[in-house]
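The values are calculated or read from the model by the stated rules, or taken from the named source; none is laboratory data. These numbers come from a predicted model, not from an experiment. Counting neighbours? That spans all protein chains shown, and the Cβs are built from the backbone with ideal geometry, glycine included. Ligands, DNA and RNA are excluded from the accessible area calculation, which covers all protein heavy atoms including side chains. Shrake-Rupley method; radii C 1.70, N 1.55, O 1.52, S 1.80 Å.
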Amino acid sequence: MKDIKKVIEKLKKEINILEHAYYVLDNPLVDDTEFDAKLNLLKKLEKENPDLVTNDSPTQRVGGLISEKFEKHIHKFPMLSLDNAFDKEDLLEFSSNINKQVKFNSHSFFVEPKIDGLSISLIYEKGKLVKGVTRGDGIQGEDVTFNVRTIRSIPLTITDNSDYFEVRGEVFLSKKEFHRINAERKEQGEEIFANPRNAAAGTLRQLNPRIVASRKLDIYLYYYLNRERFETHSDSLDYINSLGFKVNKLGKQCSNIDEVYSHIELIKDKRIALDYEIDGAVVKVNDFKLYDEIGYTSKFPKWAIAYKYPAEIKSTVLKEIFATVGRTGKITYNAILEPVSLAGTTVQAATLHNAEYIYQKKIKVGANVKVKKAGDIIPEVVEVVEDESYPDLKEWIKVDNCPACGSYLEIFSDEVDQYCINFNCERKIIKSIEHFVSRDAMNIEGMSIKIIEKLYDNKIIKNVIDLYHLENKKKEILQLEKMGEKLLSNLLLAIEKSKTNDANRFLFGLGIRYVGSKTSKLLLENFKSIDNLLKANKEEIEKIFDVGPKVAQSIIDWISIESNIMLVNSFKKLGLNMSYSKHSNHNNSPIAGKSFVITGTLSKPRNYFVELIESNGGKVLNSISKSTNFLLAGDEAGSKLTKAKNLNINIINEEVFLNILEEE
Ligand code: IVH
């Protein structure tokens with residue numbers, strides 16, 4: 001038995017070394033067959049000796065269990081985001097602000113690629129990976145340990161035996177893997193991911209670790225949290241690299257802003273050739289000891305900045321212009337383009353917004369146009385290139401009728417957009433069902449636009465209400481193409497579950513003009529139920545903080561339409577929750593269940609903060625202990641601040657505190 005244990009331990013070590021060489025160093029030591037032989041032998045021995053299977057064995061990366069949901073995790077140190085720089089001037093300002101703080105200390109910088117993925121925090125205790133957490137709102141993330149374990153470039157064990165060890169980095173998908181996944185999804189008729197970042201985010205939030213393991217997520221680590229152990233960021237990166245973590249090789253120490261800028265340019269030149277997406281470079285002060293002195297704003301550290309590369313712009317031919325109608329009836333114009341590769345993806349369509357935009361920019365069909373990605377995802381036609389063929393092209397004329405139902409389009413006074421105002425326009429109905437089931441509304445998982453269209457086209461649903469009668473139409477649904485038992489039963493479960501949603505989701509789902517997700521929440525927090533809201537008058541609605549007269553009027557208009565009230569009543573009869581519980585308010589608040597100690601002078605009386613914390617489900621205690629989550633510290637904070645520092649408690653000022661609440 002002892003011998004077997006030794007053999008297993010030796011095999012595990014060997015496999016770890018081979019995986020590190022393959023996934024981190026990109027330098028395989030053996031071929032796949034040899035590797036598989038070792039892994040299979042380990043699996044066999046573990047199967048014969050189940051008591052010798054340990055959680056950190058390379059065979060145990062993928063757990064068997066599919067989770068229901070992710071648990072929340074409060075970050076020990078908030079996961080801040082970075083301020084942006086767009087040119088050299090911004091960099092000089094960043095540097096001069098630092099110099100103001102640390103007049104007598106010279107320092108160097110460190111420049112590294114800004115990986116376009118999603119940030120993750122890895123926590124190790126006594127050398128074992130115990131947690132992988134997403135950024136979330138920066139204060140509280142989601143525990144995605146099961147998924148993180150499947151990433152082969154993340155070591156499950158490290159030789160640093162600290163009680164607490166935390167590193168942060170960016171999880172991403174290589175361009176190659178992104179294309180592979182999308183090709184597979186296309187073949188299976190699933191929606192494709194817009195870009196590698198979305199694909200990586202979607203993958204990490206998968207509840208089934210097997211699916212995660214099948215998509216080859218990767219990670220670069222860029223921030224070591226136990227800062228007191230090193231003088232510089234670059235030393236800490238060398239250290240984590242020596243422990244087996246993947247660190248980007250393009251990082252470089254630079255002694256001044258000129259050097260910083262040249263390195264940023266150098267990374268930019270390499271950008272297209274890299275097998276992963278980057279959207280800029282991150283510049284950090286290299287000397288850790290200056291970080292506290294340089295300090296933080298409420299959202300960003302002042303010792304680092306993200307330099308964003310300008311969006312890539314390409315010219316291509318605009319082949320056609322077509323209009324689409326959205327759930328509100330608004331008409332959007334779109335361009336079909338000669339395919340062009342732009343920022344890592346092939347673009348063949350772009351938005352042109354509204355007719356006014358096309359007229360103003362003098363856009364014509366057949367013209368050469370410049371295209372860029374707006375907000376990274378949706379491409380946009382920026383302007384037309386007026387070359388020799390341009391004058392011969394026909395002027396473009398807007399449509400007068402809805403592209404879906406043909407009814408005459410209206411333009412409301414003081415607006416530029418055209419609207420289809422036909423209540424029975426089928427496309428509007430389909431799009432409003434899509435909105436109703438969407439994540440921030442009723443969150444009916446699996447109910448994609450494709451499925452909605454299929455159900456609608458086959459006359460199984462004709463409105464949102466019908467979603468709640470699908471149970472009676474099982475037979476017809478199962479006869480539809482690509483509608484299996486499993487898919488249907490998952491959909492029915494998700495629909496049933498949505499009945500218990502808090503009513504703010506329902507309100508948002510109704511799609512009342514100007515009533516977005518945040519406003520819906522504000523309204524329900526105040527009125528507590530849909531019934532109360534429907535009984536309210538304009539003044540009562542308008543009175544709510546952050547809800548203006550425009551929103552109030554829109555709600556009053558909506559309520560005054562009888563069919564809308566009938567719709568709400570039908571939902572009520574179907575058993576949808578029409579109230580908003582204080583309890584769930586707490587659940588949604590990032591500070592729910594968290595304990596606070598308040599100290600120092602704040603801008604408002606202490607009681608104001610106590611009430612705010614308690615009404616969001618937090619607790620206020622009088623003294624600091626190890627289990628305190630936050631110290632809310634004002635000016636002239638005394639011994640509590642020192643104690644909190646010693647105990648590594650999250651210390652936040654008023655601004656940060658209010659930001660946390662806002663992010664809710
Ligand atoms: S440092 C407090 N380094 O960019 C400093 N961030 O816009 C922590 N990111 O939230 C961030 N590559 O998700 C840092 N080399 C890099 C990065 C990087 C990508 C992401 C990260 C961060 C976001 C800020």
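The table for this structure:
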item	result
Complete set of residues in region 480-515 that are closer than 30 Å to Pro549 by Cβ and either open to solvent by less than 10 Å² (accessible area, probe 1.4 Å) or in contact with a helix residue (DSSP H, G or I) (Cβ under 6 Å, 6 or more places away or on another chain) (or both)	Asp502, Ala503, Asn504, Phe506, Leu507, Phe508, Gly509, Gly511, Ile512, Arg513, Tyr514, Val515
Single condition Glu395 does not satisfy, out of (1) open to solvent by 70 Å² or more (accessible area, probe 1.4 Å); (2) under 16 Å from Asn354 (Cβ atoms)	(2)
Qualifying position, being charged (D, E, K, R), open to solvent by 40 Å² or more (accessible area, probe 1.4 Å) and either assigned to a loop (DSSP other than H, G, I, E, B) or under 25 Å from Gly132 (Cα atoms) (or both), among Lys76, Lys100	Lys76
Of residues in region 269-287 being open to solvent by 20 Å² or more (accessible area, probe 1.4 Å) and touching a helix residue (DSSP H, G or I) at 6+ places or on another chain (Cβ under 6 Å), the one farthest from the ligand (Cβ to nearest atom)	Asp275
Considering residues of region 103-127 that are buried (at least 16 other Cβ atoms within 10 Å of the Cβ) and more than 22 Å from Ser81 (Cβ to Cβ) only, the residue farthest from the ligand (Cβ to nearest atom)	Gly127
Matching residues, region 197-225, being away from the ligand (no atom under 16 Å from the Cβ) and surrounded by fewer than 22 Cβ atoms within 10 Å (Cβ to Cβ)	Gly202, Gln206, Leu207, Asn208, Arg210, Ile211, Ala213, Ser214, Arg215, Lys216
Enumeration of residues in region 16-47 that are touching a residue at least 12 places away in the same chain (Cβ under 8 Å), assigned to a helix (DSSP H, G or I) and farther than 23 Å from Asp238 by Cα	Phe35, Lys38, Leu39, Leu41, Leu42, Lys43, Leu45, Glu46
Odd one out for Gly244, checked against (1) more than 12 Å from the ligand (Cβ to nearest atom); (2) closer than 27 Å to Ser106 by Cβ; (3) touching a His at 6+ places or on another chain (Cβ under 7 Å); (4) not β-branched (Val, Ile, Thr)	(2)
Qualifying residue in region 226-246 (condition: under 17 Å from Leu129 (Cα atoms), touching a helix residue (DSSP H, G or I) at 6+ places or on another chain (Cβ under 7 Å), open to solvent by less than 70 Å² (accessible area, probe 1.4 Å) and assigned to a loop (DSSP other than H, G, I, E, B))	yes
Matching residues in region 288-328 - criterion: being more than 10 Å from the ligand (Cβ to nearest atom), open to solvent by less than 50 Å² (accessible area, probe 1.4 Å), more than 23 Å from the chain's Cα centre (by Cα) and more than 30 Å from Phe423 (Cβ to Cβ)	Phe288, Leu290, Ile294, Gly295, Thr316, Leu318
Qualifying residue in region 136-151 (condition: over 29 Å from Lys270 (Cα atoms), of a type in the set (Gly, Ala, Ser) and away from the ligand (no atom under 13 Å from the Cβ))	no
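Per-residue answers, yes or no, for (1) at pLDDT 95 or above; (2) not β-branched (Val, Ile, Thr):
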site	(1), (2)
Leu470	yes, yes
Ile477	yes, no
Gly484	no, yes
Leu492	yes, yes
Lys497	no, yes
Asn501	no, yes
